[in-house]
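Right, one structure below, let's go through it.
Coordinate-derived values only; no laboratory data. Just so you know, these numbers come straight off a predicted model, no measurement behind them. Cβ atoms come from the backbone with ideal geometry, glycine included; neighbour counts cover every protein chain shown.
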Amino acid sequence: MIPDISALHSEYRKSKLSEGELHENPIYQFEKWLTDAIDAKVKEPTAMTLATVNENNQPSARIVLLKFVNEKGLAFFTNYQSRKGNELNKNPKAALVFFWTELERQVRVEGKVSKLSRKISNEYFNLRPKESRISAIISPQSQPIPNRQFLENRVAEYLKNNNEIITPENWGGYILTPRTFEFWQGRENRLHDRFLYKKIGKRWKISRLAP
């Protein structure tokens, strides 16, 4: 039996967030918070929950790693034939969540997702460790397999055949172009600070939300 979890409770006291502190552009605000997380040595500061929805409106979520952010959006890489890849192909909208528990901060992002260029995907793929590249090539991501030995045998066979390690056609990057950003700073007594950025035309409107 697990212990009673209903009474588990933490107070958030580390910081606060006011509208006057916010950058008018949420990308810059996000970059500041991400830098804070890296400087604070948060474990896996680029880890984010990626939520997608299939053709039956069934959502699914998993952790992926942010690989870069710029004025166009937030980027990640994956197998295009994975569950998330198939869902994004049919419904190219998604949500991201970052939670930096050490800083008592959360960021939510929603927007439209599109594929990155093959050039960008190739460049990133070639920066990955050799073993990670081979894993991406041999793994039929999200498909049922008989056992772990199946994967290890495929790696051994790939190495034995001395195959060239090049980016698979079914692997590459996506970028989420944001329509909304929400910045959440934990506060005492659950009176958290929440600010929503919403894209209206070419401008961002900022609103404070009730916690």
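Summary table
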quantity	calculated
Selection count where residues are part of a strand (DSSP E or B) and crowded, with 16+ Cβ neighbours inside 10 Å, scope segment 85-98	5
Residue check for TYR124: in a helix (DSSP H, G or I) and crowded, with 16+ Cβ neighbours inside 10 Å	yes
Residue list for segment 131-160, restricted to those being crowded, with 16+ Cβ neighbours inside 10 Å and part of a loop (DSSP other than H, G, I, E, B)	SER139, GLN141
Residue list for segment 192-211, filter: out of contact with any Leu (no Cβ under 7 Å at 6 or more places or on another chain) and either free of Cβ contacts under 8 Å to residues at least 12 places away in the same chain or part of a strand (DSSP E or B) (or both)	TYR197, LYS198, LYS199, ILE200, GLY201, LYS202, ARG203, TRP204, LYS205, ARG208
Subset of segment 65-92 (residues that are within 14 Å of GLN141 (Cβ to Cβ), hydrophobic (A, V, I, L, M, F, W, C) and in contact with a Lys or Arg (Cβ under 8 Å, 6 or more places away or on another chain))	PHE76, PHE77
